[in-house]
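First comes the structure, then the notes that go with it.
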Amino acid sequence: MPPAIDQLLFGYQDGHELLAGSMQIDARTEAELLPHVDARFEDSSDHYLVGLWIKGLAKFMLTRIWPAPELPRPGAVWAHALLIDETALGEIDPLVLLGCFRRPEGGDLSRYQARLHLSGSSQDLQRADVPRLLMVALSKAVYEGDGAGSVVIWPDESLAEIGLLALWGILPLRARRDFSFRTRGRARTGSSRYQVQVATQLAGRSATEA
């Protein structure tokens, strides 16, 4: 039987918050998740991708974030998070997960209240389509980086997502669980919560980078 995974939807209501999900999340855990399911869109990208292990849930959270210009608050975003336990993490092809993301349409959020049953393959997302230069840069960031926040500059967010997930999928399970990454418009060098950031621009250096 294909593995089932939980999902959460975040968006603007009385602020950026959890709107729906297939599992209960307490307020403390929600506060822990919020920095990873929010974004400032500083380029022309249609979406960003964030992935990291959430210790309090014992699940890997993979999130796609979209700008939400239709909402009343400037800068509002939608974020659809997939929560993958360690067993499922060892069974799935991460590229399949790209087909699970759904941006909300209208006010019906019921689709986010049930677990997702994964099926199919990633044959339509060929790893060969990822430019070799990008895969080399990502591999160096993972295998030669110091773990404190390597930055790769790449202009296409879709290729960056496929490249990150293709690399993630070939890591040993323990390394896959501990891998953390984020695509974004601008990234700063320096300490970061993520092992690898892929950005369209480099924005200098900072002491910390969310």
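The values are calculated or read from the model by the stated rules, or taken from the named source; none is laboratory data. Everything numeric in this text was worked out from a predicted model, so none of it was measured. Virtual Cβ from ideal backbone geometry, glycine too; neighbours counted across all protein chains shown. Surface areas here come from the heavy atoms of the whole protein model, side chains and all, with no ligands, DNA or RNA. Shrake-Rupley method; radii C 1.70, N 1.55, O 1.52, S 1.80 Å.
Computed values, structure above
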read-out: Some residue of segment 142-154 being among the hydrophobic types (A, V, I, L, M, F, W, C) and more than 22 Å from SER44 (Cβ to Cβ); value: yes
read-out: Residue among LEU19, LEU52 that is surrounded by 15 or more Cβ atoms within 10 Å (Cβ to Cβ) and under 14 Å from the mean Cα position of the chain (by Cα); value: LEU52
read-out: Cross-chain or 6+ apart pairs with Cβ under 6 Å, segment 1-16 first and over 17 Å from PHE60 (Cα atoms), then open to solvent by less than 60 Å² (accessible area, probe 1.4 Å) and aromatic (Phe, Trp, Tyr); value: GLY11/TRP78
read-out: Only listed residue being of a type in the set (Phe, Trp, Tyr) and part of a loop (DSSP other than H, G, I, E, B), chosen from PHE41, PHE10; value: PHE41
read-out: Selection count where residues are under 20 Å from GLU86 (Cα atoms) and surrounded by 12 or more Cβ atoms within 10 Å (Cβ to Cβ), scope segment 1-16; value: 7
read-out: Residue satisfying condition, being in contact with a helix residue (DSSP H, G or I) (Cβ under 8 Å, 6 or more places away or on another chain) and without any contact (Cβ under 8 Å) to a residue 60 or more places away in the chain, within set LEU116, LEU62, LEU97; value: LEU62
read-out: Close pairs from segment 194-207: first at pLDDT below 90, partner basic (Lys, Arg), Cβ under 7 Å, at least 6 apart; value: GLN201/ARG186; ALA203/ARG186; ALA203/ARG188; GLY204/ARG188; ARG205/ARG188; SER206/ARG188
read-out: Residue that is modelled with the lowest pLDDT [pool: residues in segment 163-193 that are open to solvent by 30 Å² or more (accessible area, probe 1.4 Å) and within 15 Å of the chain's Cα centre (by Cα)]; value: ARG193
read-out: Count - residues of segment 69-112 that are open to solvent by 40 Å² or more (accessible area, probe 1.4 Å) and within 30 Å of LEU171 (Cβ to Cβ); value: 9
